[in-house]
Amino acid sequence: MHKLQGLGFNGQKRTDPTSLSTPGTALIMRQLRAGLYSLLLICLSLPTLLLAGEADVVDVKIRAVGDREFRIDVTVKHADAGWDHYANRWEVLSVDGEILGTRVLAHPHDNEQPFTRSLVLNIPAEHTHVVLRAGDSVHDTGGAEMKIEVPSS
């Protein structure tokens, strides 16, 4: 078998150009290789994380349950992709953008789409309409929202 000739870091000849002659170089090469593998895994998983898109509010039901107290049922649709990218909340806002209440979604709903969750909330009388929006763990908010009328209690 023919061996290649080359020069080492100190200018001396070496027979194998893939072997590096400085101490600790093997460790550095292993760390570099591990870092490149990690970067490759991140790059491969990014499209999956981003393809799940934003969380959309697709249906809302609201009914009075007490004096200015309302039960709000919100249906959210989102292509949850496990814990890395899932719909993690929905919010009730005034038409001016003030958050009146938040329903935290504690886990992914990969196999339950769309899904509906409820919140009982006191809505002051000055708010005749509210806006519902959903958020996810990657994009925050930005999907489809719904504006509804608050019924008289």
**OP:** Please list the non-local residues whose amide H lies under 5 Å from the amide H of L100, H modeled 1.01 Å from N, same-chain partners needing a gap of 5 or more.
**Re:** V92, L93, S94
Subject >> Rg(Cα)/(2.2 N^0.38 Å) for segment 56-149, N = residue count >> reply: 1.05
Original post:
When F70, F115 are ordered from fewest to most other Cβ atoms inside 10 Å of their Cβ, what list results?
Top reply: F115, F70
Original post:
Once amide H atoms are placed 1.01 Å from N in the peptide plane, what residues at a sequence separation of 5 or more from R89, or on another chain, have their amide H within under 5 Å of its amide H?
Top reply: L105, G135
**OP:** Count charges around M146 for me, please; just the other residues with Cβ under 13 Å from its Cβ, Lys/Arg as +1, Asp/Glu as -1.
**Re:** -2
Original post:
For F115 and V95, FRET efficiency with R0 = 35 Å and r from the beta-carbon atoms, rounded to 0.05?
Top reply: 0.85
Original post:
Once label points are set 7 Å from the Cα along Cα→Cβ at both R63 and S152, what is their separation, rounded to one decimal in nm?
Top reply: 1.9
**OP:** Report the net charge of residues surrounding A106, where surrounding means a beta-carbon distance below 11 angstrom and charges are Lys +1, Arg +1, Asp -1, Glu -1.
**Re:** +3
Subject >> Distance in nm between pseudo-label sites at L27 and D84 (7 Å out along the Cβ direction from Cα) >> reply: 3.1
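Values in this text are rule-based calculations from the coordinates and carry no lab data. Quantities reported herein were computed from a predicted structural model and do not represent experimental measurements. Virtual Cβ from ideal backbone geometry, glycine too; neighbours counted across all protein chains shown.
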